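Novice: Okay, here's the structure, questions in a sec.
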Amino acid sequence: MDEDIRLSAQRALLGCISRGLRAVSIERVGTVIKWRCIFASEVAKESQWEILSEAATEVIADFDSAMQIEEEYIVVRFRDAEDEPPNEMLHLRHVVFLRHERDGYSELVSNT
């Protein structure tokens, strides 16, 4: 049932992903589509949220006029200090973009 919002979001994100973006997730609740973008820093958020808001507009345009969209743009740094574990990102139901972060962070690399 939610394949339509996932595909719409992935299409809308084409050409909108930048270095500062960590994740994008989406969820439909009744007549509301929730859109959450997580940035690595406040600087990234301030410089890039408008591009992702345009993508959110493309998503809502794929649905009838009864649907609404709620946009959320937040900052979740990878970690707060060098010796601390990575901060958890809270996603909506469907993750449509997730930045690969293992190469730069040895503690995330699995030994399999």
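Novice: For the range 33-81, how many residues meet the condition of being in contact with an Asp or Glu (Cβ under 6 Å, 6 or more places away or on another chain) and among the β-branched types (Val, Ile, Thr)?
Specialist: Qualifying residue count, the range 33-81: 1.
Novice: Given (1) within 22 Å of Asp4 (Cα to Cα); (2) within 13 Å of the chain's Cα centre (by Cα), where does Val75 come up short, assuming only one miss?
Specialist: Going through (1) within 22 Å of Asp4 (Cα to Cα); (2) within 13 Å of the chain's Cα centre (by Cα) one by one, Val75 breaks only (1).
Novice: Which number in (1) more than 23 Å from Pro86 (Cβ to Cβ); (2) assigned to a helix (DSSP H, G or I); (3) among the aliphatic types (A, V, I, L, M) marks the one condition that Ala44 misses?
Specialist: (1)
Here is a yes/no grid of residues against (1) open to solvent by 60 Å² or more (accessible area, probe 1.4 Å); (2) within 14 Å of the chain's Cα centre (by Cα); (3) closer than 30 Å to Arg79 by Cα; (4) among the aromatic types (Phe, Trp, Tyr):
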residue: Arg6; (1), (2), (3), (4): yes, yes, yes, no
residue: Ala9; (1), (2), (3), (4): no, yes, yes, no
residue: Leu14; (1), (2), (3), (4): yes, yes, yes, no
residue: Arg19; (1), (2), (3), (4): yes, yes, yes, no
residue: Val24; (1), (2), (3), (4): no, yes, yes, no
residue: Arg28; (1), (2), (3), (4): no, no, yes, no
residue: Phe39; (1), (2), (3), (4): no, yes, yes, yes
residue: Glu42; (1), (2), (3), (4): yes, no, yes, no
residue: Ser53; (1), (2), (3), (4): no, yes, yes, no
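Novice: Taking Ile60 as meeting all but one of (1) touching a helix residue (DSSP H, G or I) at 6+ places or on another chain (Cβ under 6 Å); (2) part of a helix (DSSP H, G or I), write down the number of the exception.
Specialist: Status for Ile60: all satisfied but (1).
Novice: If a residue has to be within 13 Å of Cys37 (Cα to Cα) and open to solvent by 50 Å² or more (accessible area, probe 1.4 Å) to count, how many in the range 78-91 make the cut? Talk me through it step by step, then tell me what you get.
Specialist: The first filter runs over the range 78-91 and keeps only residues within 13 Å of Cys37 (Cα to Cα), leaving 89-91.
This time we only want the ones that are open to solvent by 50 Å² or more (accessible area, probe 1.4 Å), so: 90-91.
Counting residues in the range 78-91 that are within 13 Å of Cys37 (Cα to Cα) and open to solvent by 50 Å² or more (accessible area, probe 1.4 Å) gives 2.
Novice: Mind listing whichever residues of the range 92-112 are loosely packed, with under 10 Cβ neighbours inside 10 Å and at pLDDT 65 or above?
Specialist: Correct list: His100 only.
Novice: Answer yes or no as to whether Phe63 is surrounded by 15 or more Cβ atoms within 10 Å (Cβ to Cβ), aromatic (Phe, Trp, Tyr), farther than 14 Å from Ile17 by Cβ and under 18 Å from the mean Cα position of the chain (by Cα).
Specialist: So Phe63 fails the test.
The values are calculated or read from the model by the stated rules, or taken from the named source; none is laboratory data. It should be emphasised that the depicted structure is a prediction, and the values quoted were computed from it without experimental measurement. Using ideal geometry, Cβ is built from the backbone for each residue, glycine included, and neighbour counts are taken over all protein chains shown. These area figures cover heavy atoms from the full protein model, side chains too; ligands, DNA and RNA do not enter into them. Shrake-Rupley method; radii C 1.70, N 1.55, O 1.52, S 1.80 Å.
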